[in-house]
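Colleague: So that we are looking at the same thing, I have put the structure below in structure tokens.
Any read-out appearing in this document is the output of simple, stated calculations on the displayed coordinates, not a laboratory observation. Here the structure is a predicted model, which means the values were calculated and not measured. Quick reminder, even Gly has a Cβ in these numbers, built from the backbone with ideal geometry, and neighbours come from all protein chains shown.
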């Protein structure tokens, strides 16, 4: 099981990072922090005669990683009741590459397993649900399996350490991943 | 009634633009097309000692416009079951300027009226609801009034002209705005 | 187009009734007011050896009507952010009759058109969305087409007459139904 | 901590019962199975001159129990993407008793802790979210605290025993309740 973890956080050592470090403890995984890369907003040229113009940024490198793994953990703080802009830019560009023969996006994306970790304040276990539903629609649309999600209640750095249920679920996922990779606990 | 229309679309003459042109026909309004401006993703420095670093982009200009109007029409195509990345970047940066004394964001944002126009495919009147709920949470959080929303069913350029209900609602809004600005129909 | 209107309201001349009367003005339709009938809560015997016990109430008569029409308008006040208990009892019993050979439920339900009218207070155009999503899931599950929905803002009797958009949409539906039944406006 | 568990299930030893038995193992609690009681659908007489007519059923007894406990665990199978009709009837009648001076409903309901357990099929961790949102709106409206919820994936009797995460969360809640009641694990 090749695991890719994609973080949309824009601060170091944030609450999502803490959860992710628990989930991936001793687990082999490729980690991408989106804010370390240049990703331009999409320019929607789906319906122009010429199609999409080539973009000079880091996106194709990220997409390559995404397509080569079979289990993807999407990790984002809840910004304004949605995924971070960094992560939204990542998804938006799918529209461009779904149609690019070099990548076989539509075939490769199918059957990938998706996990989602989101953290935030303002009653996130309720107000974060539209975001979970959005992820649900995204994964349905491309044929990924939405295996599970984890909503953490945390605003200030370190708050997540007080969310017992979130920590426990992170540990459960960790055990699951270690098991899948034939590692001892 | 000072009306600002903010578009998150990334293509010219898209379906959201068509709806917006009907809504604003003969209506005085300031129009912002986010893709015409440089807006960087937020770097979350809320919890650092130094606070936010000054950013070199067009955001403050946009924010100034936002704060000076009392009715805001947010217009975005549905990209991956959410607002466009362009528009998400716009909201994310609120976190930075809410705390910036130069703008009095928290006072000025209250009681503004918000309208939302979204268009997309894949059964948008259902699959677009998490996005409407997200807008609802956003406006609640800052104290704006979410007056109404309009969901259009359209993918290819011009499709919206077949969505009778969307067009009619656009006309209703137009009448309402003309009336508020004391114009004859 | 054979139209059935099913009301889950428990008061006479409520706001949903007013909207429905506008929608069905001069339109041929069969009307069912669920509170006029005896409908027992389901007893879930799907997984017992003997299957479902025959129930002595009016349900089969209602179900017969439901199956014989091809366009169904579900009308319910929003009670506690959901459909009324009367209407929920109606849906719950589907689980019993889906498996009853006398009715051919699964075949007949497919491709029916569904319309939904809900009215309530407490910001219904947002807080009513989980109910709309629930209807969406129900219709998806059985293969009905969720053609459109209408959310009215109204609590006290007659309040709906102040909801301009709801009234207008009711008129639009009325025109649509008259047209489908080849009647002049 | 006085705990009341209210089950809306209509079958014996269903999946929700199994989860509930784990949650309440060795925990003092009052248990109500709604299908054991007669609860009539509400007749909405909020806006009549005379107010509500007295109803001959078991509801007041149930309401009394509800008001005397400070932690309520609502347990319902997901029927048609919502709570069971039995449970919906229970909530609908709140509208009647909120206004009945004998019960001091509005004062007593505030600050109660609410837990919710729902189980069902058809991808319940996503399709059950509108129901969770509905509970969220209900508890908000009356001022209860929505402490946590648990969504189990199970259709046939006993299926829940394969939902590892649901079982684990049930155990966590059990530990929490035992701790609150000063019992050893």
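Colleague: Measure nothing fancy, just the Cα-based angle from helix D:129-142's long axis to the longest principal axis of chain D, in degrees from 0 to 90, nearest 10.
Modeller: 40 degrees
Colleague: Over 20 Å intervals from 0, what percent of Cα-Cα pairs in the protein assembly as shown sits in each interval?
Modeller: With a bin width of 20 Å, the distribution comes to 16, 49, 33, 3.
Colleague: Return one number: the angle in degrees, 0 to 90 and rounded to the nearest 10, between the long axis of the Cα atoms of helix B:164-180 and the longest principal axis of the Cα atoms of chain B.
Modeller: 60 degrees
Colleague: Quick one: if the Förster radius is 25 Å, what FRET efficiency do residue A:13 and residue A:181 give, using the C-beta to C-beta distance and rounding to 0.05? Could you put the intermediate results ahead of the total?
Modeller: Details: r = 25 Å, r/R0 = 1.01.
For R0 = 25 Å, the calculated efficiency reads 0.50.
Colleague: For chain B, set up a Gaussian network in which alpha carbons nearer than 10 Å are linked by springs, and say which option among B:49, B:158, B:121 fluctuates the most.
Modeller: Highest fluctuation among the options: B:49.
Colleague: Another question, then. Given a Förster radius of 45 Å and the C-beta distance between residue A:156 and residue B:31 as r, what FRET efficiency does 1/(1 + (r/R0)^6) yield to the nearest 0.05?
Modeller: With R0 = 45 Å, the Cβ-Cβ based efficiency is 0.75.
Colleague: Restricting to DSSP H runs of at least four residues, report the calculated mean residue ellipticity at 222 nm for the protein assembly as shown, -39500 (n - 2.57) per run over all residues, nearest 500 deg cm²/dmol.
Modeller: Counting only the DSSP helices, I get -11000 deg cm²/dmol.
Colleague: Could you state the angle between the C-alpha long axis of helix D:59-68 and the longest principal axis of the C-alpha atoms of chain D, as a value from 0 to 90 degrees rounded to the nearest 10?
Modeller: 60 degrees
Colleague: When you look at the Cβ of every residue in B:133-143, what mean number of other chain Cβ atoms sits within 10 Å?
Modeller: Shielding by partners across B:133-143 averages 6.
Colleague: Measure out, as a whole number of angstrom, how far apart the alpha-carbon centroids of the range D:21-48 and the range B:23-74 sit.
Modeller: One Cα centre to the other: 50 Å.
Colleague: Quick one: what Rg and Dmax do you get for the range C:1-47 from the alpha carbons, in Å?
Modeller: According to the Cα coordinates of the range C:1-47, Rg and Dmax are 14.1, 46 Å.
Colleague: Test of understanding: what is the full-extension gain from residue C:171 to residue C:40, defined as 0.36 nm times their sequence separation minus their Cα-Cα distance? Kindly include the intermediate steps, with their values, before the conclusion.
Modeller: Numbers: separation 131, 0.36 × 131 = 47.16 nm, distance 3.48 nm.
Gain in length upon complete extension: 43.7 nm.
Colleague: May I ask you to derive the relative contact order of the range B:3-184, considering only C-alpha pairs under 8 Å and at least 6 residues apart, and to give it as an integer percent?
Modeller: Worked out over the range B:3-184, it gives 28 percent.
Colleague: Whole-Å semi-axes of the range D:3-184's equivalent ellipsoid, largest first, each the root of 5 times a Cα gyration tensor eigenvalue?
Modeller: After scaling each eigenvalue by five and taking roots: 28, 19, 15 Å.
Colleague: Could you check what % of the DSSP bridge pairs in the range A:72-185 are antiparallel, to the nearest 5? List each step's numbers first, then the result.
Modeller: Details: 1 of 15 bridges.
Among the beta bridges of the range A:72-185, antiparallel pairing accounts for roughly 5 percent.
Colleague: Here's a follow-up. In whole Å, what is the distance between the alpha-carbon centres of the range D:96-157 and the range B:132-151?
Modeller: 23 Å
Colleague: Which of C:65, C:96, C:45 moves the most in a Gaussian network model of chain C with Cα springs under 10 Å?
Modeller: Largest GNM mean-square fluctuation: C:45.
Colleague: Now a separate question. Multiplying the sequence separation of residue D:53 and residue D:140 by 0.36 nm and subtracting their Cα-Cα distance, what value in nm do you get? Mind dumping the intermediate values first?
Modeller: On the way: separation 87, 0.36 × 87 = 31.32 nm, distance 2.77 nm.
Once the chain is fully extended between residue D:53 and residue D:140, it gains 28.6 nm.
Colleague: Taking chain B as a Gaussian network, where each spring joins two C-alpha atoms under 10 Å apart, which residue of B:147, B:127, B:48 fluctuates the most?
Modeller: B:48
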